[in-house]
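Colleague: Okay, here's the structure, questions in a sec.
The values are calculated or read from the model by the stated rules, or taken from the named source; none is laboratory data. Keep in mind that this is a model prediction, so the values were computed, not measured. Positions of Cβ are generated from backbone atoms using ideal geometry, with glycine treated the same way; all protein chains shown enter the neighbour counts.
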Amino acid sequence: MEYLLPPIGTLTTSMAAMSAGVQPATIRDWVRRGILTRCGGSPKRPLYRVADVEAARYAAKPTRNGQRGVNAA
């Protein structure tokens, strides 16, 4: 079951994605890559702090070799 209203100051994955202007898969990728951390919820319905989502949105993202959009030197 999805949260109707998550606790104040937190966002669901869908809400975090809307807030950051990205897809929900990007939020999950940021968590996997250590750019964003969960602050609660359950394994299938995580919650994120609003401030953490905003920080992740503007954080420098690590790149991988061969990734599209990266200029090769």
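Colleague: Yes or no: the range 36-43 includes at least one residue that is outside any loop (DSSP other than H, G, I, E, B) and touching a strand residue (DSSP E or B) at 6+ places or on another chain (Cβ under 9 Å).
Modeller: Looking for residues that are outside any loop (DSSP other than H, G, I, E, B) and touching a strand residue (DSSP E or B) at 6+ places or on another chain (Cβ under 9 Å), one finds at least one in the range 36-43, hence yes.
Colleague: For Tyr48, state whether it is at pLDDT below 95 and either among the aromatic types (Phe, Trp, Tyr) or touching a Gly at 6+ places or on another chain (Cβ under 6 Å) (or both).
Modeller: Details: at pLDDT below 95: no; either among the aromatic types (Phe, Trp, Tyr) or touching a Gly at 6+ places or on another chain (Cβ under 6 Å) (or both): yes.
Considered against the rule, which asks whether it is at pLDDT below 95 and either among the aromatic types (Phe, Trp, Tyr) or touching a Gly at 6+ places or on another chain (Cβ under 6 Å) (or both), Tyr48 comes out as no.
Colleague: Here's a follow-up. List pairs: first in the range 29-44 and under 16 Å from Thr63 (Cα atoms), second among the aliphatic types (A, V, I, L, M) and in a loop (DSSP other than H, G, I, E, B), Cβ under 7 Å, 6+ apart or cross-chain?
Modeller: Trp30/Leu36; Ile35/Ala59
Colleague: If I go through the range 10-34 residue by residue, how many of them are at positive phi and over 10 Å from the mean Cα position of the chain (by Cα)?
Modeller: 1
Colleague: Within the range 26-55, work out how many residues are farther than 10 Å from Ala16 by Cβ, polar (S, T, N, Q) and surrounded by 12 or more Cβ atoms within 10 Å (Cβ to Cβ).
Modeller: Going through the range 26-55 one residue at a time, the tally reaches 1.
Colleague: Next question, about the same structure. If you scan the range 1-35, which residues turn out to be among the polar types (S, T, N, Q) and assigned to a loop (DSSP other than H, G, I, E, B)?
Modeller: Passing the criteria: Thr12, Gln23.
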